[in-house]
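Since the structure comes first, as structure tokens, the remarks are kept for the end.
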Amino acid sequence: MSLELLLGAQLDAVVAAGGEAIGISAPGPYVEAIEARGVRHVPLPSSTRGWNLLADLRAAVELWGVLRRVRPTVLHTHNPKPGLYGRVVGRLAGVPIVVNTVHGLYATPDDPWARRLVVYALESFASRWSHAELVQNEEDVATILRLRLAPRSRVRHLGNGVDLERFRPGRRDPHERAALRAEWNVGDGTVVVGTVGRLVVEKGYPELFDAVAALAPRVRLVVVGGADPTKRDALPPTLIERARRAGVVFLGHRTDVDRLLAAFDLFVLASHREGQPRAAMEAAASGLPIVASDIRGCRQVVDHGTTGLLVPVGDPRALRTAIAELADSRRTRAAMAVAARVKAEREFDEREVVRRVMATYADLA
């Protein structure tokens, strides 16, 4: 899923430049789409989303075998676990250039010191094996440099971006918007609040459900995202069912997010931790005002009071107040929608991210 939905444009750029792009990941339903891009996919059968020491060790051994077999010029690692063992295995396997993208340090300054110590120690160890660290979030750049988690010369601010044309406001048929809202049983005067994210506690769903419960029926929450049972903080089925009975619409995992965003009135991201949230950037590009947690990542996407509102993390009362404020003012939503799109065009262009990645490969080569 990451290769197709998050990294597809980067893989396309390698192919367009005449290179051979190879995607190494767990097998799954997106392999066909990846290969349709002209990318060769090599499965890593033991790779899992959850933390499993034995499976992770097997995945590292499998990666060693793949790298010794395909002999890539560049190994570019992504996500916490492959980023950790991939950098080390890549160098030991003799890959000439190893690059890692930090999608968000797996600890924040607000986490308990024990968690930070473990995460920062592992990151510091792994970064010594790469040739470049591409960091999506500028706050993470500051943390890495301040704590010397990576050699300064290897750290580059990458940013994050989305397809601005795909999420351009007004691109979708207005009748499609009306049909979707009818499907969600949204009446006249009801404000549709949308959110996109896996059904885990870390995405802030318990407090979000609490926040919108008191705002019904003038607010209807629509949740886009599938269950993630391998995660320790997966939402209990009883909580999901209770929210459903209270009027929350669950759409599951979807690939037509651009179509769904066009039917929302505002977007909410109540996460406890983010790197630089793609879902919120897609919402901004779609011209939606955003209510988000005041955390690293969200602060880079939302300009408080201009493109949306930032609220304390884990605070359902503050979340409810912010949602109500925007739900009650069509004029405020309209002004923030315009500002959000302008910010997206200025800061969230996926093409610029691709350019920086390709420039890193060229510089190191």
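Table for the structure above
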| read-out | value |
| --- | --- |
| Of 57, 235, 11, the one that fluctuates the most in a GNM where the chain has Cα springs shorter than 10 Å | 57 |
| Set of lysines with alpha-carbon distance to residue 203 below 23 Å, sequence-local pairs under 8 removed | 81, 231 |
| Set of aspartates and glutamates near residue 343 by C-alpha distance (under 17 Å), chain-local residues within fewer than 8 positions excluded | 138, 163, 165, 282, 303, 352 |
| Reported label for calculated Rg and Dmax of the Cα atoms in Å given [x] 22.2, 71; [y] 20.8, 62; [z] 20.9, 71 | [y] |
| FRET efficiency estimate (nearest 0.05) - Cβ-Cβ, residue 20 to residue 61, R0 30 angstrom | 0.80 |
| For the chain: relative contact order, % (alpha-carbon pairs under 8 angstrom, 6 or more apart) | 14 |
| Student exercise, the range 174-347 dipole from Lys, Arg, Asp, Glu Cβ charges, in Debye to nearest 20 | 80 |
| GNM result for the chain, Cα springs below 10 Å: residue of 199, 75, 251 fluctuating most strongly | 251 |
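Read-outs: derived from the displayed coordinates by stated rules, not from any lab. Bear in mind the structure is a predicted one, so any value in this text is a computation, not a measurement. Note that each Cβ is placed from the backbone with ideal geometry, even for glycine, and that neighbours are counted across all protein chains shown.
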